[in-house]
1. How many residues does the range 23-48 contain that are exposed (fewer than 14 other Cβ atoms within 10 Å of the Cβ) and small (G, A, S)?
2. Using the structure shown, decide if M55 is hydrophobic (A, V, I, L, M, F, W, C), open to solvent by less than 80 Å² (accessible area, probe 1.4 Å) and under 20 Å from P170 (Cα atoms).
3. Could you grab me the full set of residues in the range 159-188 that are open to solvent by less than 50 Å² (accessible area, probe 1.4 Å) and among the aliphatic types (A, V, I, L, M)?
4. Can you list residue pairs whose Cβ atoms sit under 7 Å apart, with the first residue in the range 89-109 being over 13 Å from L59 (Cα atoms) and the second being part of a helix (DSSP H, G or I)? Count only pairs 6 or more apart in sequence or on different chains.
5. State whether one or more residues within the range 50-67 are in contact with a strand residue (DSSP E or B) (Cβ under 7 Å, 6 or more places away or on another chain), more than 25 Å from N162 (Cβ to Cβ) and of a type in the set (A, V, I, L, M, F, W, C).
6. List the residue pairs whose Cβ atoms are under 7 Å apart, where the first residue sits in the range 59-74 and is touching a residue at least 24 places away in the same chain (Cβ under 8 Å), the second is of a type in the set (S, T, N, Q) and surrounded by fewer than 17 Cβ atoms within 10 Å (Cβ to Cβ), and the two are 6 or more positions apart or on different chains.
7. Residues of the range 98-121 being open to solvent by less than 30 Å² (accessible area, probe 1.4 Å), in a loop (DSSP other than H, G, I, E, B) and hydrophobic (A, V, I, L, M, F, W, C), which ones?
8. For the range 79-97, enumerate the residues that are open to solvent by 60 Å² or more (accessible area, probe 1.4 Å), of a type in the set (D, E) and part of a loop (DSSP other than H, G, I, E, B).
Amino acid sequence: MFKLKVITVVGNKPMELNIRNENDHRIPFIKIALKQRLISFIDEGLEWVIMSGQMGIELWAAQVIAELKEEYPIKLGIFPPFLEYESRWPDVYQETFLQIIEQADFYQPLYNETYKAPYQFINKDVWFIEKTDGCLALVDEEYPGSVMYILDKMKKAAETSNYSIWYITPNDLEDIVRDQQEYNESHLD
């Protein structure tokens, strides 16, 4: 039985997925995968999704949650590791981050200062594990990129506690692409 009330979402940054702009044809499929999984969690009692709002999977998940809030009782919390977290990102991601902050039910940087040192990221990872019951990870474990740092900590938490990790894999995304193509083809007639 699903007894999780709070989860986080982690995944790759756009460049780790070889996504160069927000018009990439793969992003809608990523959002469908996130939406399907999140709806199933909400139907089982999920109340909050909290995340740092990192560009890529986290920002796209936050956009999905903002849409889901219109129909489902789900809340979104954004907890970046420090102030001006998004300041070095490309403009399009900075704008999206600021929009998501506006749509979030709660927003609070974990450190009330700008970037100082890597400990802010390390402590962010530990904080998310302590504050959540589990994680939805959209990642290719063969090429995990920077998400491997938090994922390694989450795997250790899962071994020693009731922490849960659910994956959306490249195969899951391929299935969604195939399903969408079949759906589109069947509705052309």
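The values are calculated or read from the model by the stated rules, or taken from the named source; none is laboratory data. Given the structure is predicted, the values throughout are model-derived calculations rather than measurements. All Cβ positions, even for glycine, are placed from backbone atoms using ideal geometry, and neighbour counts span all protein chains on display. Heavy atoms of the whole protein, side chains included, go into the accessibility calculation; ligands, DNA and RNA do not. Shrake-Rupley method; radii C 1.70, N 1.55, O 1.52, S 1.80 Å.
1. Selection size over the range 23-48: 2.
2. Spelling it out, M55 is indeed hydrophobic (A, V, I, L, M, F, W, C), open to solvent by less than 80 Å² (accessible area, probe 1.4 Å) and under 20 Å from P170 (Cα atoms).
3. Answer for the range 159-188, where residues must be open to solvent by less than 50 Å² (accessible area, probe 1.4 Å) and among the aliphatic types (A, V, I, L, M): I165, I168, L173, I176, V177.
4. Y107/I101
5. Scanning the range 50-67, I find at least one residue that is in contact with a strand residue (DSSP E or B) (Cβ under 7 Å, 6 or more places away or on another chain), more than 25 Å from N162 (Cβ to Cβ) and of a type in the set (A, V, I, L, M, F, W, C), so the answer is yes.
6. A66/Q103
7. Across the range 98-121, the qualifying residues are A104, A117.
8. The answer is E84, and nothing else.
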